[in-house]
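What follows is one structure encoded as structure tokens, with my remarks underneath.
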Amino acid sequence: MELFFPTMSIILGCVALLLLLQWKNFRGPPCIGGWIPWIGAAFEFGKAPLEFIEKARIKYGPIFTVFIMGKRMTFVTEEVGIDVFLRSKKVDFELAVQTPIYRTVSVPGNIFFALHEKLYIMMKGKMGALNLYHFNEQLTEELHRQLEKLGSHGTTDLNNLVRSWSQSKKWLLALLEENLPETRLYKPTKDNPMIAFWTLAFILSHPEVHKTIMEDMVSVLGPAGKEKIKISEDDLKKLMLIKWCILETIRLRAPGVITRMVVEPIRILNYTVPPGDLLMLSPFWLHRNPEYFPEPDSFKPERWKKANLEKHAFLDNFLAFGYGKYQCPGRWLALLEIQICIILIFYKYDCHLLDPLPKQSFLHLVGVPHPERQCRIEYRQRK
């Protein structure tokens, strides 16, 4: 009996220690819920998702979970979690996006999983940087026709000006099918006009950048005017500042989140993220990390000098087009379309902003953030 109680104490202590170690080993990240079951933090999150993410990071640390409408979304915001998101085999892109794709375009799961990778590989090859010559001349010609609708002069919201050449994408779909019939399932993104809007707004609100671009265009394309110029691949390489401006705009106006599905328990810092969680990464906030992008809130297109764009490589930690196996297959075509659009607008029109550069809305979690208010522009055809 004398040894019974000490022995039991040791055994119970060992059991307690084992349970504590297991609890620590499987302890999940801080979870932000709500007082209404199943709905969770939906109301607070929905008011301004981007602001919610940053405030939660400041309050709860580099990894946290948000419970919304029966779903667990675990956000990672620093290097260790980002590395897991980008490289771990325990997370899956297709499982994360299948349900939203079904809701958007009604593609059943079995068809999506059977065809997605094959279609992706095909589109990646067909719309890759090496095949853009298929589109250059026809994109230029069609954008000339679209811009003719603007007339000789006017005052309008810059957003409307850009949409005047992009309201209908039937011409681009026809162009894709004519050159690359296999890509008929491709749907041009609505983000392209919004990126063109923001790029033009940033350039026009930075007079020194605008001046340099116009000087470069005169040296490459000759005096601006009414002629239907052709823009060669060599011309585009000589007008690299415009491409830098587009990429810097995309950095500043990146999507709010990209996502993966956790398929096996994964360890991040001192937490274990369970299967079934949506693992979330925010390019919008990652691109504002001063460790990766000095003066992160400033429009500094010259920072893109360091990117090896000739080898089709972006800056490190630039994730606007996703990453890895399923990086956006149409990214080079999108950049080409926006680049040609901006060149033609500045070639044909003398443009001035009538309003200050608007702030972005924090309501848009997916895709490019919209402006909070209008941004009027005065344009006049060059003579």
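At-a-glance table
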item	result
Residue within region 338-346 that is of a type outside the set (K, R), free of Cβ contacts under 8 Å to residues at least 24 places away in the same chain and out of contact with any Phe, Trp or Tyr (no Cβ under 7 Å at 6 or more places or on another chain) present	no
Pair list, Cβ < 7 Å and 6+ apart or interchain, from region 266-289 residues that are without any contact (Cβ under 8 Å) to a residue 24 or more places away in the chain and over 21 Å from V368 (Cβ atoms) to residues that are of a type in the set (D, E, K, R) and part of a strand (DSSP E or B)	none
Conditions (1) out of contact with any strand residue (DSSP E or B) (no Cβ under 6 Å at 6 or more places or on another chain); (2) modelled with pLDDT of 90 or more; (3) not aliphatic (A, V, I, L, M); number of the one not met by C31	(1)
Selection count where residues are in contact with a Pro (Cβ under 8 Å, 6 or more places away or on another chain) and either modelled with pLDDT under 95 or not basic (K, R) (or both), scope region 66-93	6
Subset of region 345-383 [at pLDDT below 90 and among the small types (G, A, S)]	G367
Checking C328 against (1) touching a residue at least 40 places away in the same chain (Cβ under 8 Å); (2) under 21 Å from the mean Cα position of the chain (by Cα); (3) farther than 20 Å from L147 by Cβ, the condition it does not meet	(1)
Filter result for G324 (buried (at least 18 other Cβ atoms within 10 Å of the Cβ), within 30 Å of R260 (Cβ to Cβ) and of a type in the set (G, A, S))	no
Elements of type helices (runs of 4 or more DSSP H) in region 196-314, at least 3 residues being within 22 Å of D83 (Cβ to Cβ)	283-286
Single match in K118, K71, K89, K59 (criterion: basic (K, R) and surrounded by 12 or more Cβ atoms within 10 Å (Cβ to Cβ))	K71
Lone unmet requirement of (1) surrounded by 14 or more Cβ atoms within 10 Å (Cβ to Cβ); (2) assigned to a loop (DSSP other than H, G, I, E, B); (3) of a type in the set (D, E, K, R); (4) in contact with a Leu (Cβ under 8 Å, 6 or more places away or on another chain) for E337	(2)
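The values are calculated or read from the model by the stated rules, or taken from the named source; none is laboratory data. What you are looking at is a predicted structure, and each value in this text was computed from that prediction instead of being measured. Quick reminder, even Gly has a Cβ in these numbers, built from the backbone with ideal geometry, and neighbours come from all protein chains shown.
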